[in-house]
Amino acid sequence: EAGVAQSPRYKIIEKRQSVAFWCNPISGHATLYWYQQILGQGPKLLIQFQNNGVVDDSQLPKDRFSAERLKGVDSTLKIQPAKLEDSAVYLCASSPRLAGARTDTQYFGPGTRLTVL
Amino acid sequence: GESVGLHLPTLSVQEGDNSIINCAYSNSASDYFIWYKQESGKGPQFIIDIRSNMDKRQGQRVTVLLNKTVKHLSLQIAATQPGDSAVYFCAEKISNFGNEKLTFGTGTRLTIIP
């Protein structure tokens, strides 16, 4: 079974520039997550999709971050404009069950390492 | 507020020995706990989970213990191997109005000494 795919793997930009990350979840997984992982910390949830709808975006800095999952499969996360503190690894994860199920294993992609100069 | 923390940021263990990684949590409403392993350049990988109505669960070479009285979680790895070197995260799942949210701790870096 193919895992969660993410691209690019690495990205270096200057502050105030824009950047976009792409995620292809495991086939058939209804729920998709974007996490931000700052160096030395655990992943922090940014946004959660159930199919193509947003379930939780309470920790997404909406003034600069946006995400979409138009057809309920692939997803993109965008930062515009980027700040120095956005330097982190952006992880995408997917899970097979519907949101609200009692237990649900999340499978993570390799992440995109973003460096903002 | 809710938080998940780890007692030790780094741990070094001789190959073949057992290792124990500890985690403290503060939200008594958490009903599900998970341990993840993250190798350099990779995303977190599921290791083992445990529900709040259990106090022990065993997998292959790994055991998770849950002490709800003191809000403490531990991961025991038996007969450690070089491939066990990684950062280990505990995470708690909290259900809120049908939506589940996973909160990760800071992580412990485990180094296996050959």
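So the values come out like this:
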quantity	calculated
Equivalent ellipsoid semi-axes, chain A, via Cα gyration tensor eigenvalues times 5, rooted, Å	23, 14, 13
Alpha-carbon gyration tensor eigenvalues x 5, square-rooted, for the protein assembly as shown, Å	29, 21, 16
Size of electric dipole in the range B:63-111: Cβ of Lys, Arg +1 and of Asp, Glu -1, about Cα centre, debye, nearest 20	140
Given A:K62/B:K101; B:K56/B:K93; A:K83/B:K37; A:K11/B:K93; A:K15/B:K93; A:K44/B:K42, the pairs whose alpha carbons are separated by over 26 Å	A:K83/B:K37; A:K11/B:K93; A:K15/B:K93
Signed unit charges on C-beta, dipole axis of chain B, positive-most listed residue B:I48, B:Q60, B:I94	B:I94
Nearest-20 debye value, the protein assembly as shown charge dipole, Cβ charges on Lys, Arg, Asp, Glu	260
Paired Rg and Dmax values of the range A:1-51, which use every Cα atom, in angstrom	13.0, 39
Cα centroid separation, the range A:39-102 to the range B:3-79 (Å)	25
Distance cut-off 13 Å, percentage of C-alpha pairs in the range B:6-72 lying past it	71
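Coordinate-derived values only; no laboratory data. None of these values were measured; they are calculated from a predicted model. All Cβ positions, even for glycine, are placed from backbone atoms using ideal geometry, and neighbour counts span all protein chains on display.
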